[in-house]
Amino acid sequence: LSDHFKSYISAGFERNYLRLKENILLKEDSPYLDYKLIDKSEADYKKNIFTSTYLRLPVTVEWRSDRNSHGKRVKVAFGAMTGILLKGTQRLKSDANGKQKFKNNYNLASFQYGPFVRVGYGNFGIFGKYYVNDMFETSPDQNGVNNLTFGLTLGF
């Protein structure tokens, strides 16, 4: 639009990584999110990771200040983001069963949407994203569980 305002549509992949504290195995193909508690004598999981991978499609508006004497400027970007579920995965590691990997949708939301914001100076910034809809579909016990992400960004 100008040197100060820019808008664009982009695409990318996002992987959400959750470490599960309990010794549980998520049930596959269940009508709602469900799990089985595994006795530690049967398998003691040293690693229990639950991930979801989404294709993200953000629409962004960015404001940029004038450049300073070093050629850097303040940037503020905001917009709306959608996501389409590609896969859900549970990765386990135990002495009894070795490494295990299970792929399923685990009733994760097949479509997500919400706002995001990034603020930065030069090549560094901070960001925040909030997905308005629930993280899981058809799982009454998880109603109201939403995904909130924040962090640092390089190359902004």
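For the reader, a short list of remarks on this structure follows.
- Residue count, the range 78-108 (criterion: among the aliphatic types (A, V, I, L, M), more than 30 Å from Asn123 (Cβ to Cβ) and open to solvent by less than 50 Å² (accessible area, probe 1.4 Å)): 3
- Only one of the numbered conditions (1) touching a Leu at 6+ places or on another chain (Cβ under 7 Å); (2) without any contact (Cβ under 8 Å) to a residue 12 or more places away in the chain is violated by Asn68, and that is (1).
- Checked against (1) under 27 Å from Met135 (Cβ atoms); (2) touching a residue at least 24 places away in the same chain (Cβ under 8 Å), Gln100 meets all criteria but (2).
- Only residues that are without any contact (Cβ under 8 Å) to a residue 60 or more places away in the chain and in a loop (DSSP other than H, G, I, E, B) were counted in the range 39-65, giving 6.
- Residue pairs meeting the criteria (Cβ under 9 Å; at least 6 apart or on separate chains; first loosely packed, with under 10 Cβ neighbours inside 10 Å, in the range 144-156; second modelled with pLDDT under 90 and of a type in the set (Ser, Thr, Tyr)): none
- Options Lys75, Lys6, Lys21, Lys36: the member that is assigned to a loop (DSSP other than H, G, I, E, B) and either loosely packed, with under 11 Cβ neighbours inside 10 Å or of a type in the set (D, E, K, R) (or both): Lys21
The values are calculated or read from the model by the stated rules, or taken from the named source; none is laboratory data. Given the structure is predicted, the values throughout are model-derived calculations rather than measurements. Please note: Cβ atoms are built from the backbone with ideal geometry, for glycine as well, and neighbour counts cover all protein chains shown. All accessible areas refer to the heavy atoms of the entire protein, side chains included, with ligands and DNA or RNA removed. Shrake-Rupley method; radii C 1.70, N 1.55, O 1.52, S 1.80 Å.
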